[in-house]
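The values are calculated or read from the model by the stated rules, or taken from the named source; none is laboratory data. For clarity, every value in this text was computed on a predicted model and none was experimentally measured. Glycine also receives a Cβ, built like all others from the backbone with ideal geometry; neighbour counts cover every protein chain displayed. We work out accessible area using only protein heavy atoms, side chains counted, and drop any ligands, DNA or RNA first. Shrake-Rupley method; radii C 1.70, N 1.55, O 1.52, S 1.80 Å.
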Amino acid sequence: MGSWRTHLAYNNIVNIAQTPDKVYGISQDGAMFSVGKHDDNVEIYSKIYGLNDNNVSYINYSNGNGVLVVAYSNSNIDLITDDNEIINIPDIYSSNSINADKSINDICFNRETAYVGCGFGIVALDMNKCEVKDTYIIGDNGSFISVNAVRVHEDRIYALSGSLIYHAPLTGVNLLNYQNWERMSVPTTAQTVSMAIHGGMIYVTDTEHNLLKYSISDNEWSDGEKGIAYVNDNDGILWTIDTSGYITATIDGEKVTVHGFSPMKTAYDSFRKTIWFSDTRGIMRYDMASQAYAPFKPSGPAVNYAWRIKNYHDRMYVVPGGRWASQYSRPAYAMIFDSNDTWLNIDYSTIVATTGSEALDFVDIIATPEDKRHFFAASYGFGLFEFQDDMPLRVYNAGNSGVESIYPKGTADQFARYQRIDGQTYDEEGNLWFLNMGTPSVVKYLKDGVVKGLQYASLSNMNAIQDILIDKHNPYIKYIITPVISGSGTTSLFVIDDNGTKYDESDDRTRMFSSFIDQDGNPFKPSVLRCIAQDNDGTIWIGTDSGPILLGSGYGVFDDDFTITRVKIPRNDGTNAADFLLDNTQVNAISVDGGNRKWIGTETAGVFLMSPDGETTLEHFTTDNSPLLSDNIICLDINDITGEVFFGTGNGIISYQSDASEGGEDFSDVHAYPNPVREDYHGLITITGLMKDTRVRITDVSGSVVYETVSNGGVATWDGTRPDGQRVATGVYIAMCISDNGKKHAMTKILVIN
């Protein structure tokens, strides 16, 4: 309870670093993990596990110092010792004197010093004192230059920048003076990519895949091989990687060639005679004796981006598309976090091959009410995709169904790419409703395998429509929101009363709102409507660019005196003044937990957990006070069964174990955890499997009450103390659980050890 865990993509590994016991790798999106050499154990690393930042951009290990240097995309640096101590060096990140690119491109070591190639020059770190000791700005007249690679060879330092190599002796001159750095041109007209020094030679690759060689003793360049993408000099070995993914090195006098899909960095374990390399499949190990390959990576989503997260059937469904005025053109994936805590990824190539359709920008996903493995994904461009048994089944598009294209008479490319679907929901009869934008009949439904549409003049041909919600307390009412998009008019809320004839729009009542009147009679005109949700009491919550607005459930929206509610937060400063909840803050996502509390994700301010009425902030998570990956929350949803809250952020997916879940129908699965409660555990004790608003009374074996509470949906928590705040004594404690109406009872025992 109260713990976090990351859910990051580990597919495309771009860098590795070898220590005596582990091989570390980082993905293209900045996720870091390791593989144990002794036991193949895979571990993940993040702020949750002690790191000081997110988005790792570069790693390297110093054998002489026993330290792994971890650099982040914001130029923050951690040192991880062999004893697992983590030391932060934030000097580059926090420096205000460097008005240039601070990105960290390369790291090499010489004795107790780490030389860090940055976007502005070179930083020398003292590994013993764990501090910056020098900064070398070596461009013309002391200007900033981007150092892409840095090496030390025979007490001389070399830095690759563009088509120049800057070099200077490590001793005898003032390296702070740019004039003491000599320059040498690399004979290429292309951009340089990598540099290695081995056997008295400097090797450089460029973007045209040329390998260029420079003899330090002869002071001359010569042409090398063609078709070489990267060159490394790890572990005293020269590694070349060609454009076909073949790694070539001479190890113990023998030329060795290993094939990878997309290798970039390599390492050699001489004790075990194994080669490690980065790859699209994870960290790869090649056993030289058996010639066997083995990939290693944690379970994770296919990509590090979530546009929508949806909870159905104890599963979290994620799609990584995107759209605003036009497509983002992101390859389609259906990514599912299952109840067994593993990720199932249905990739783009499988979807395209099975359906025979291009598949980009999945922007919404929904599972059928009766089958968690049967679901639909909405593409902002290529129609409605159906999945059966967790595999692609078919696509509903303008060529085979009632789905329409914005350009029915356009070119073949226009016709195919403008079948824009978003916003899906099921009605009480199990029919799927969705939005088909930019067409005469925007509101469509799938019934018995046939797509049909309803025409509403106010929505006809509108492109900005995003969500449709059927009122769960009044199924005749549908709410549709349209976030403003440049050139498409103002944002709006469209409400439909279908009069009990959901498939016949001729007798429907509709109302369109582009502005509102609040409870005080004041006008409110939002610039953006971004999300919509209904709470357990039936109230509709809509996220705007100035916080949430609330609508009562049912027919009230059609009344002439209809008003919205903006939640007021009293200042409690004696003035009787109040502020609107999240005023002037963009709300991107709202989800309601089992305790009817509101989880609100914002564009720039992280996540808020609000009381059921929205007037009390119960939690506010940001990157400064929590492991949250980014303060930009794109989407969020809650696992109804477990209460775990999943956040799709600008830097990936992370989840938080909250203390609320949906209440059950009975007490058939009541249990407590952890149980037993060990003497070294000081967190919350959770009683789960409860009914909504269960009264929980915890007593000792003599019947004395030590704690009482009411569940948040299906969950109640206890901190293991008595009313006086002291921890209870060793013994068995009984949680008596009584339903809200008093008709159902249950109990579970908890063993506490001190």
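Site pair Thr350 and Val710 shows an inter-label distance of 4.6 nm when each label is modelled 7 Å from Cα along Cα→Cβ. The residues of the chain have, on average, 41 Å² of accessible surface per residue, using a 1.4 Å probe with all protein chains present.
Spread over its residues, the convex hull of the C-alpha atoms of the range 66-215 is 123 Å³ per residue.
What order do you get for 23-35, 389-401 when each peptide is scored by the mean count of other beta carbon atoms within 10 Å, highest first?
Numbers: 23-35: 24.1, 389-401: 17.4.
In descending order of packing, they fall as 23-35, 389-401.
Coupling constants for the range 61-67 follow from the phi torsions by the Karplus curve (6.51 cos²θ - 1.76 cosθ + 1.60, θ = phi - 60°), and in residue order they are 10, 9, 5, x, 9, x, 9 Hz; glycine and proline get x.
Take the Cα gyration tensor of the range 328-434, multiply each eigenvalue by 5, square-root it, and list the three semi-axes largest first, rounded to whole angstrom. It would help to have the intermediate numbers written out before the result.
Values: eigenvalues 112, 55, 24 Å².
Its equivalent ellipsoid spans semi-axes of 24, 17, 11 Å.
Its relative contact order, with pairs defined as Cα atoms under 8 Å and 6+ residues apart, puts the range 593-713 at 20 percent.
Residues whose amide H lies under 5 Å from that of Leu170, counting only those 5 or more places away or on a different chain, are Arg156, Ile157; hydrogens are built 1.01 Å from N in the peptide plane. For each pair in Lys310/Lys568; Lys37/Lys129; Lys102/Lys297; Lys213/Lys265; Lys372/Lys749; Lys37/Lys273, compute the distance between the two Cα atoms and list the pairs where it is over 22 Å. Pairs exceeding 22 Å: Lys310/Lys568; Lys37/Lys129; Lys102/Lys297; Lys372/Lys749. Across the range 451-537, the mean sequence separation of Cα contacts (distance under 8 Å, 6 or more residues apart), normalised by length, yields a relative contact order of 25 percent.
The length gained by stretching the chain between Arg697 and Tyr246 to full extension, at 0.36 nm per residue less their Cα-Cα distance, is 155.8 nm.
Go through 741-752, 587-598 and give me the packing order, highest mean Cβ count within 10 Å leading. Display every interim value, and only then the final one.
Working: 741-752: 14.4, 587-598: 23.6.
The densest-packed peptide leads the list: 587-598, 741-752.
Highest-first packing order for the peptide set 336-348, 57-69 is 57-69, 336-348, based on the mean count of other beta carbon atoms within 10 Å.
Could you look at the range 601-754 and say what percent of its accessible area is carbon and sulfur, using a 1.4 Å probe and all protein chains?
Carbon plus sulfur share of accessible area: 48 percent.
Computed over every Cα-Cα pair of the range 91-180 and binned at 10 Å starting from 0, the pair-distance distribution P(r) comes out as 17, 56, 26, 1 percent.
Once you have the alpha carbon radius of gyration of the range 149-278, what is it after dividing by 2.2 N^0.38 Å, with N set to its residue count?
On the way: Rg = 15.4 Å, N = 130, 2.2 N^0.38 = 14.0 Å.
Scaled against compact globular proteins, the figure is 1.10.
How big is the shadow of the Cα convex hull of the range 459-607, averaged over all directions, in nm²? Before the final figure, lay out each step's value.
On the way: hull surface 41.2 nm².
Dividing the Cα hull surface by four gives the mean projection, 10.3 nm².
Using only the alpha carbons of the range 1-103, what is the convex hull's orientation-averaged projected area in square nanometres? Average projection, Cα convex hull of the range 1-103: 7.9 nm².
Modelled spin-label separation between Ile753 and Met512, with each label point placed 7 Å from Cα along the Cα-to-Cβ direction: 6.8 nm. Rounded to the nearest percent, how much of the accessible area of the range 141-244 (1.4 Å probe, protein heavy atoms only) is carbon and sulfur? The value for the range 141-244 is 41 percent carbon and sulfur by accessible area.
The structure shown yields Cα extents along the principal axes in Å, and of the options (1) 79, 74, 61; (2) 118, 70, 44; (3) 89, 79, 61 that calculated value carries the label (3).
How big is the Rg/Rh ratio for the range 610-754, C-alpha atoms only, Rh by Kirkwood, two decimals? Display every interim value, and only then the final one.
Numbers: Rg = 16.9 Å, Rh = 16.6 Å.
In the range 610-754, Rg relative to Rh is 1.02.
The stretch between Asn499 and Ser3 holds 173.9 nm of extra length on full extension. This uses 0.36 nm per residue minus the Cα-Cα distance.
Tell me the accessible surface of Asp314 in square angstrom (1.4 angstrom probe, heavy atoms of protein chains only), to the nearest ten. Here the accessible area works out near 40 Å². In the range 423-510, one over the average inverse separation of all distinct C-alpha pairs is 13.1 Å, which is the Kirkwood hydrodynamic radius.
How long is the gain from Glu254 to Lys452 if the chain were fully straight, where each residue apart is worth 0.36 nm and the alpha carbon distance is subtracted?
Contour length minus Cα-Cα distance gives 64.5 nm.
Note on Ser185 and Asp287: the model spin-label points, each 7 Å out from Cα along the C-beta direction, lie 5.2 nm apart.
Evaluating kT/(6 pi eta Rh) at 4 °C and 1.567 mPa s, with the Kirkwood radius of the range 267-327 over Cα pairs in the Stokes-Einstein relation, gives 87 µm² s⁻¹. For the range 557-662, the direction-averaged projected area of the alpha-carbon convex hull comes to 8.6 nm².
Would you mind computing the Rg to Rh ratio of the range 159-199 from its alpha-carbon coordinates, Kirkwood style for Rh? Looking at the range 159-199, the ratio lands at 1.02. Surface composition of the range 311-413: carbon plus sulfur atoms hold 48% of the accessible area, using a 1.4 angstrom probe and ignoring ligands, DNA and RNA. Averaging the sequence gap over all C-alpha pairs within less than 8 Å and six or more residues apart, then dividing by the number of residues, gives the range 539-593 a relative contact order of 41 percent.
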